[in-house]
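Only the coordinates and a few stated rules stand behind these numbers; no lab work does. Worth saying up front: this structure is predicted, and the values here are computed from it rather than measured. Cβ placement follows ideal geometry from the backbone for every residue including glycine, while neighbour counts extend to all protein chains displayed.
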Amino acid sequence: MSLVIAVHYRTGMRVKHPSSPAGGPAVSKPRQAKAAGASRKAPAKTASARAGKGGKGGKGPAVPDAATVAEIFRRFHDANPEPKGELEYVNPYTLLVAVALSAQATDVGVNKATRPLFAIADTPEKMLALGEERLREAIKTIGLYRNKAKNVIALSRQLIERFGGEVPRSREELETLPGVGRKTANVVMNIAFGAPTIAVDTHLFRVANRIPLAPGKTPLAVELGLEKIVPEPYRRHAHHWLILHGRYVCKARKPDCGRCLINDLCRYEAKTI
Ligand code: SF4
């Protein structure tokens, strides 16, 4: 029987948060694509206001100095020294599959499908033996499951043919796999291999623009901005802390600034205290 590593985000905030996020993932979930969809539906001004005014040409508050940035991450660290993701996996391969399946889906929903799936298919070889049709059936409760099943089979085949059945450790190699983009690669590198990568989801994107830590108009701009300013000791867990903060405290429509442990350092003009 496979050992399931059930990791769970601990919020580390001063309040007790719901164990099941309403919207999102482990790295979580409201995905960038989802965020993009939201932007299309919402008036540009509203979406911009929710994220803050940071970014090139923006008139939002200035990024805090290095000492303040360090203090922000010190507080996140002290509140939650070892933040974890919510997706369940048993090895780097199943983590890769779980993250690939989690696009535009909740971690809870993905875990529900992958628990029985990974019990019978926790390697690329076993996944190929299972076949696309049975995989499709196993994940049919997850959005976009037809395309995701196709990608998982294709990436499993490529892992065997090109990487000896192992998950590669570099972003460049990971991104060559079907259905694997920069964010998925960053998550796998961080969680499976301990790399100090920063996977930018919609929560992190919003928080980084609001505080502001690394204002930017694209996830990549925010990722690169954070890489420049996050102190090295905090780099490994930076994205977990910021995602959790955005999911449970600095929420999109109504940030809980009164419960925020950095509310004295945040410069978001619309903060609620
Ligand atoms: S003070 Fe409010 S807006 Fe600023 S980071 Fe905290 S929750 Fe977000």
Qualifying GluC sites (Glu not before Pro) for region 207-273 [loop in DSSP, other Cβ within 10 Å: at most 16]
269
For residue 89, which sequence-distant residues (separation of 5 or more, or a different chain) have an amide H within less than 5 Å of its own amide H, given hydrogens modelled in the peptide plane?
5, 7
Working out 0.36 nm times the residue gap between residue 71 and residue 133, then minus their Cα-Cα distance, what length gain in nm do you get to one decimal?
17.2 nm
What whole number of Å gives the distance from the Cα centroid of region 164-210 to the Cα centroid of region 86-120?
15 Å
Neighbour cut-off at most 16 other Cβ (10 Å), DSSP loop, GluC sites (Glu not before Pro), region 57-143
none
Applied in sequence order to region 122-136, the curve 6.51 cos²θ - 1.76 cosθ + 1.60 (Karplus, θ = phi - 60°) yields integer Hz couplings, x standing for Gly and Pro, of 10, 9, x, 4, 5, 5, 5, 5, 5, x, 5, 5, 6, 5, 4
For region 92-190, what is the convex hull (Cα atoms) projected area averaged across all directions, in square nanometres?
5.3 nm²
Work out the FRET efficiency for residue 270 and residue 108 from their Cβ-Cβ distance, taking R0 = 41 Å, and round it to the nearest 0.05.
0.85
